[in-house]
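None of the figures in this text is laboratory data; all of them are computed from the coordinates on show. What you are looking at is a predicted structure, and each value in this text was computed from that prediction instead of being measured. Quick reminder, even Gly has a Cβ in these numbers, built from the backbone with ideal geometry, and neighbours come from all protein chains shown.
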Amino acid sequence: MESLRESILHLTFQMSTYKRATLDEEELLDTGSDGIYHTSTMQVRQYIYIHILVLTAHPGMCLSEPCVSVASTVLGALDRSVDPCQDFYNFACGGWMRKNPLPEGKSRWGPFSNLWEHNMAIMKNLLENTSMKSLSKAEQKTQWYYQACMNESKIEELGAKPLQDLINQTGGWGLKDPWDKDNFQEVLRIVSASFRASPFFTVFVSTDSKSSNSNIIQVDQSGLGLPSREYYLNKTANEKYLKAYLSFLVELGILLGGSEETSQKMMQEIIDFETALAHITVPQEERRDEMKIYHKIQTLAPAVDWMPFLSAVFTPVALNDSEPVVVYAKEYLQKVSELISNTNKSVLNNYMIMKVVRKMVSILDQRFQDAEQRFLEVMYGTKKSCTPRWKLCVSDTDSALGFALGALFVKATFSEDSKAFVNMVSEIKWAFEGSLKTVGWMDPKTKKAAKEKADAIYNMVGYPKFIMKPKELDMVFNDFDVVSDLYFQNVMNYYNFSARVTANQLRKAPNRDQWSMTPPTVNAYYNPTKNEMVLPAGILQAPFYNHAWPKAMNFGGIGVVMGHELTHAFDDQGREYDKDGNLRQWWQNSSVEAFKQQTQCMVEQYSNYSINKEPLNGKHTLGENIADNGGLRAAYKAYINWIEKNGEEATLPALGMTNRQLFFVGFAQVCANICSLCFPQLLPGRWSKTGCLFTTHCCVCALGWVKCRAWAIRHGTFTFSCFTGHNLSKLKVSVFCLCF
């Protein structure tokens, strides 16, 4: 056994000495089964695998190549010098963090980022393979769009002219010449309808929360140029970000033909106006009650001519004065209407034009991209210059034609039997429902209804079915014109196409095939109005899942993701929607009050954690915290149920861990993250990440520590004997709250 341990340690040492893959070009396509990428990894594994087979065949231990491979990865990520009872996150992830310095051009790095880079390399290969025989015209359009994005010489040749032409067509602004027009309503309609910009507020079509079989126009607050209102309100703490923002806008003004003096004055006026917007913007933690969203818009914001505006945004759909509209921020709309009425018309016009300019910066020539890069480097520590052009173009192609590109991706990569994932979701549902039975604060009638809702959750796994049907896929993108050499024009065509798609949805019933994420996405989400859980193909692979791995790893990886999304159906917002996706009161009043007491405990618990000495806002992150805790609990219980049904599975070599311990270590290691800058003000708010397990904001590294610490105290430390003997006094115990 000791020789076996030494062999695995030797493997880990050898693997750690190899240069971490650069994640560039097609070399990424040759990966190991653990989802981690190393030069010559396969040769090293083959050597040690043969060595192990010769040494021993230990009963009860898995010595298959996938098991040896993932054991070496797990072992290499550990820091055994750390006591798991004191610091579970660094015990599980400390080795990985030491061996993975932040890559150039990245503000954060972890398993999500790593897997997304891998998926992008696959998409690059598909987009550049012009000899590939495609059955779909839509798939061909993805290659043309990508080619136009990669045509840097054409982009440089055109320079700023495409954007300057658009500004002139919109009515111009006071950057180069005196401006004095009374065309606020017209400009608002143009920038919102034609360019998909969102000055003052955002307008979109989505499922009617109180009638989930129909769609409805919805309006919400918007309009800030910085990520959150806090940047504007605390000027002392955020001085360097505000200065960088002003410098960025001034540079854009100069690039578009303005003098430095004129640009400085104009851009400062724009930031002052955005600061006024920030003061009336409702904080995310005050927007968590979905029951408050229905209001009449006609009299809320009289500064906007709503009917002509909405008719322009949703053309060619015919609207009338009785068109129902959902308003998410009543107080904000009232105040923004007053702000518009009391602000100089030239400031309003310049602000709206700048919203368009900001959208177009990344599709213009290198001068504009360099200006944006200098701003982003101050904001996030990210050096975009280190990012190859092809990655930017792959990402943009995925945004514009993601389901056509997703068809290529799925055919090339998704060989897993979706039944295995559906079965795992069923096991986690069953475990969650078992936990519901033991919840003491919920009354029997509400428990019964909650079980019915869990049973009714619709599971969408891998990809929407229409993308595998060429005729249907072509029909979806038939109205999207793409050429292979004009990138700016393609983006404009996409905005127009997107506007038509949105308008067409208004008179149609919601469709389950309309996903909010593309198939290559490394993420997942729960949609409350459809009561559905969506697991794209992009995340259904290592390090979250591998059919040849121990079940402990899979339940601790993709199983926790599933449990997290399931629990979102019962968090402080999701619980307000019934099993059919309708917003209504379906809980008994006694259970509502008891739930609020449980969640207040969790708010206080998480507010006691800090990032960079800044306390977290436990109310702001409440929905995610409920889902995090409930998801881990459901996945672990599902794994224990699996053991009871199938018996103990073989352990991994060299780790010296039980499979119960491996579950928590595996979970922690998909939490592992490093980042350059962390901002507590960027933590997720109302549906801000569509139910993702791990926030994609740059605070994720610190949040990983918070989550692992909290969960380990409740669950993981039991498996590491932290509550026995002298270890009890060593454990840093804090109050732990649990809803489900």
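Using Cβ contacts closer than 10 Å as the measure, can you line up Thr413, Thr521 from fewest to most?
Numbers: Thr413 20, Thr521 23.
Fewest-to-most ranking of Thr413, Thr521: Thr413, Thr521.
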remark   = Taking Lys and Arg as +1 and Asp and Glu as -1, residues besides Ile254 with C-beta under 12 Å from its C-beta add up to -1
ask   = By a straight-distance test (C-alpha under 22 Å), which lysines pair with Lys296 as possible cross-link partners, with residues fewer than eight away in the same chain excluded?
value = Lys210, Lys330, Lys335
note = Quick note on Trp441, Trp586, ordering by fewest other C-beta atoms within 10 Å, gives Trp441, Trp586
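What is the magnitude of the charge dipole of the range 160-363 about its Cα centre, with +1 placed on the Cβ of each Lys and Arg, -1 on the Cβ of each Asp and Glu, and no other charges, expressed in debye to the nearest 20?
Working: 21 positive and 24 negative charges, 63 e Å.
The calculated dipole for the range 160-363 is roughly 300 debye.
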Order of Trp96, Trp642, Trp179 under a 10 Å beta carbon neighbour criterion, fewest first = Trp179, Trp642, Trp96
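On alpha-carbon atoms, Rg over Rh for the range 160-363 using Kirkwood Rh?
Working: Rg = 17.5 Å, Rh = 18.0 Å.
So for the range 160-363, dividing Rg by the Kirkwood Rh gives 0.97.
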ask   = For the range 202-344, what is the relative contact order in percent, using Cα pairs closer than 8 Å and at least 6 residues apart in sequence?
value = 28
message = Taking 22 Å as the cut-off for C-alpha to C-alpha distance, list the pairs among Lys445/Lys579; Lys106/Lys240; Lys124/Lys530 that go past it.
response = Lys124/Lys530
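What is the local net charge at Thr446, summed over the other residues whose Cβ is closer than 12 Å to its Cβ (Lys, Arg +1; Asp, Glu -1)?
Here the charged neighbours net out to +2.
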Phi-based couplings in Hz for the range 344-351 (Karplus 6.51, -1.76, 1.60; Gly and Pro marked x) = 3, 5, 5, 5, 4, 5, 5, 4
ask   = Using just the C-alpha positions of the range 444-499 as equal point scatterers, what log10 of I(q)/I(0) does the Debye formula give at each q in 0.20, 0.21 1/Å?
value = -0.84, -0.87
Reach of Lys419 by Cα under 15 Å, taken over aspartates and glutamates that are not fewer than 8 positions away in the same chain = Glu427
request  = Sequence neighbours fewer than 8 away in the same chain don't count; with that in mind, list the aspartates and glutamates whose C-alpha is under 12 Å from Lys355.
outcome  = Glu274
request  = Tally the DSSP beta bridges in the range 160-363 and give the antiparallel ones as a percent, rounded to 5.
outcome  = 75
C-alpha center-to-center spacing [the range 464-534, the range 61-76] in angstrom = 40
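Can you classify the range 53-125 as rounded, prolate or oblate using the Cα gyration tensor, where a ≥ b ≥ c are the square roots of its eigenvalues, rounded means a/c under 1.5, and otherwise it's prolate if a/b beats b/c and oblate if not?
Note, shape of the range 53-125 comes out oblate.
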